[in-house]
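The structure appears below as structure tokens.
The values are calculated or read from the model by the stated rules, or taken from the named source; none is laboratory data. What you see is a predicted model, and the numbers here were worked out from it, not measured in a lab. Note that each Cβ is placed from the backbone with ideal geometry, even for glycine, and that neighbours are counted across all protein chains shown. Note: accessible area is taken over every heavy atom of the protein model, side chains too, but ligands, DNA and RNA are not part of it. Shrake-Rupley method; radii C 1.70, N 1.55, O 1.52, S 1.80 Å.
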Amino acid sequence: MLVRTETAADHDAVRAVLIDAFDGPDEALLVDLIRQSDRFVPELSIVAEVDDTVVGHILFSYVDVVGEETHQVLSLAPLAVATAAQLSGVGRALVEEGLARCDRSDAPLVVLEGVPAYYPRFGFKPAADYHIDKPAHEIPDEAFMVYPLSSYDPKYRGRLVYPPAFHEANAIGP
């Protein structure tokens, strides 16, 4: 398996993986909208290839934590692995590579809404433990998590606010 930075030539393959993994186009639209926004970080859009075929994708982009101050943090959204490649280590490889790249950035932390049984193995903890509030009450507490990076500081606290791309893609609630 090869894990590398996404290129423009990968966009159609990434779209296919997203539609397959999420059983619909919403996450693919989200990725398209983030790519077009000022919140996109090209080196944090990562693909996994097996036999020269893209079988997975992960994206980290900027979102805000708004409290007494507004701080830019990273959001892991989405992680997708083609159905045929699931349970083969592709997701793990993408998350590990992505978090390593995030840690080399100056971002303080990564937030996500994800499967509570999956992400804690990588070091994600409940966001409430870090005083990061959910962007919507409907999100289960256990699904809203934080991964502190090397430049984490406890001053990063407040409510997570998603940029317009997330709302436009209908990927999140109000």
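Some notes on this structure:
- Residue match in the range 77-94 (condition: more than 22 Å from Phe22 (Cβ to Cβ) and not charged (D, E, K, R)): no
- Single match in Val63, Val110, Val54 (criterion: more than 13 Å from the chain's Cα centre (by Cα) and in contact (Cβ under 8 Å) with a residue 40 or more places away in the chain): Val54
- Within the range 111-170, the set of residues being in a helix (DSSP H, G or I), at pLDDT 95 or above, open to solvent by less than 40 Å² (accessible area, probe 1.4 Å) and hydrophobic (A, V, I, L, M, F, W, C) comprises Phe122, Ala127, Ala143.
- In a residue-by-residue description of the range 20-36, the property of being surrounded by fewer than 20 Cβ atoms within 10 Å (Cβ to Cβ), aromatic (Phe, Trp, Tyr), out of contact with any Ser or Thr (no Cβ under 6 Å at 6 or more places or on another chain) and outside any strand (DSSP E or B) applies to at least one position.
- Filter pass, Arg101 being of a type in the set (Lys, Arg) and touching a residue at least 40 places away in the same chain (Cβ under 8 Å): yes
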